[in-house]
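See below for the structure under consideration.
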Amino acid sequence: MSDIISKIPKEEAVEAIFSKIIKSPVACERLSEAFYEHLSEDNLVVDSSPERLAKILFLAYEQQDISALLLEICQKSMFDLLREAYLIPKRFYGKKGRNPVLLTDVDGNLLQETRSKVSGHEYSKFKEIYEKHMCAPRSKIYLADGFDIVRSYTENLEIEEKLENRRRGVMILYALPDTVSLGLTDAEAYAIAWDSFKFIQKCAPSSMVYYGRETGEKNERKFDEIGILLPIHQFEKKMLQHLEEIDGIVLAMREKMMQKAGKDSLEL
């Protein structure tokens, strides 16, 4: 029975990112709001199967896994709550991944399978930005759909994921040094990006930030990627200004990461 909980990836070496959150009163308040919102009477989910609830409670206790319990109570793991509270980036699943979903290719052309899903206004706005913004080295612009991921248990205690709250926007994707080769966990990589992540929030509060580890590959070398999606309907008039500010923030972060990983850690 104990192998069921192991289906939820357990985050390792979380001390670095947790300590940064605990030291920030604003971050603690946002995490608290996200947690209690799910425990409110309007959002609290009551399991229809007492037997399944009992199994999950006992397994979470046995494995000392708070994420397993949180997933039953509010359909969020610990790191899901951090992402919802906008304290760590969303997970980037790669250029062909399910979240975010890229709608254009590297040259700014609509993908064949997405042409019927994109309005003329959305694509013309994207092309305007694509042509006017001068991308920094190892960065590219895409039209993309970003989602929130909602998880829940099935009757067989499998983990089911659903995509909700689609937002369409211009996403700028940057290559970063490979943190896996440095022996860092997801949490440790997020801790390195913490300050830059906060600056991006301040610059563009409604943006969606994604981080992928070893999601890119060039010349048989893997690298991390960070993507910032700016919803078109919210940033339409100041998109270029925000992209320039984000360029500065991410390039400064990249430079710090390269100092740690070595100048040869990323080909520019």
Tell me, please, whether a residue that is surrounded by 14 or more Cβ atoms within 10 Å (Cβ to Cβ), part of a helix (DSSP H, G or I) and of a type outside the set (Val, Ile, Thr) can be found in region 107-121. no
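Among the residues of region 151-158, is any in the same structural domain as residue 249 (by TED's automatic domain parsing), over 30 Å from residue 11 (Cα atoms) and either over 17 Å from the mean Cα position of the chain (by Cα) or of a type in the set (Lys, Arg) (or both)? It would help to see each step written out before you state the result.
Taking region 151-158 as the starting set, the residues that turn out to be in the same structural domain as residue 249 (by TED's automatic domain parsing) are 151-158.
Now narrow it down to the ones that are over 30 Å from residue 11 (Cα atoms): none.
Within region 151-158, not a single residue is in the same structural domain as residue 249 (by TED's automatic domain parsing), over 30 Å from residue 11 (Cα atoms) and either over 17 Å from the mean Cα position of the chain (by Cα) or of a type in the set (Lys, Arg) (or both).
The rows are residues; the columns are (1) of a type outside the set (Phe, Trp, Tyr); (2) modelled with pLDDT of 90 or more; (3) in contact with a helix residue (DSSP H, G or I) (Cβ under 7 Å, 6 or more places away or on another chain).
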position	(1), (2), (3)
166	yes, yes, no
170	yes, yes, yes
180	yes, yes, no
247	yes, yes, no
263	yes, no, no
268	yes, no, no
If I filter region 100-111 for residues that are within 11 Å of the chain's Cα centre (by Cα) and under 16 Å from residue 187 (Cβ atoms), do I get at least one hit? no
I'm trying to understand the selection: among the residues of region 243-268, which are among the aliphatic types (A, V, I, L, M) and part of a helix (DSSP H, G or I)? 243, 246, 249, 250, 251, 252, 253, 257, 258, 261
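Restrict the check to region 87-106 and report whether at least one residue is assigned to a helix (DSSP H, G or I), surrounded by fewer than 21 Cβ atoms within 10 Å (Cβ to Cβ), free of Cβ contacts under 8 Å to residues at least 12 places away in the same chain and not aromatic (Phe, Trp, Tyr).
Start the filter on region 87-106 by keeping residues that are assigned to a helix (DSSP H, G or I), which leaves none.
No, the conditions are met nowhere in region 87-106.
For every residue, the table says whether it meets (1) touching a residue at least 60 places away in the same chain (Cβ under 8 Å); (2) crowded, with 18+ Cβ neighbours inside 10 Å; (3) not assigned by TED's automatic domain parsing to the domain that holds residue 107.
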{"residue": "174", "(1), (2), (3)": "yes, yes, no"}
{"residue": "177", "(1), (2), (3)": "yes, yes, no"}
{"residue": "182", "(1), (2), (3)": "yes, no, no"}
{"residue": "193", "(1), (2), (3)": "yes, yes, no"}
{"residue": "205", "(1), (2), (3)": "no, no, no"}
How many residues does region 123-147 contain that are more than 18 Å from residue 215 (Cα to Cα) and of a type in the set (S, T, N, Q)? 1
Working only within region 229-241, note down all residues that are out of contact with any Ser or Thr (no Cβ under 8 Å at 6 or more places or on another chain) and not acidic (Asp, Glu). 232, 233, 237, 238, 239, 240, 241
Under the condition of being modelled with pLDDT of 80 or more and not in a helix (DSSP H, G or I), which residue from region 1-52 is surrounded by the most Cβ atoms within 10 Å (Cβ to Cβ)? 14
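The values are calculated or read from the model by the stated rules, or taken from the named source; none is laboratory data. All values reported here derive from a predicted model rather than from experimental measurement. Quick reminder, even Gly has a Cβ in these numbers, built from the backbone with ideal geometry, and neighbours come from all protein chains shown.
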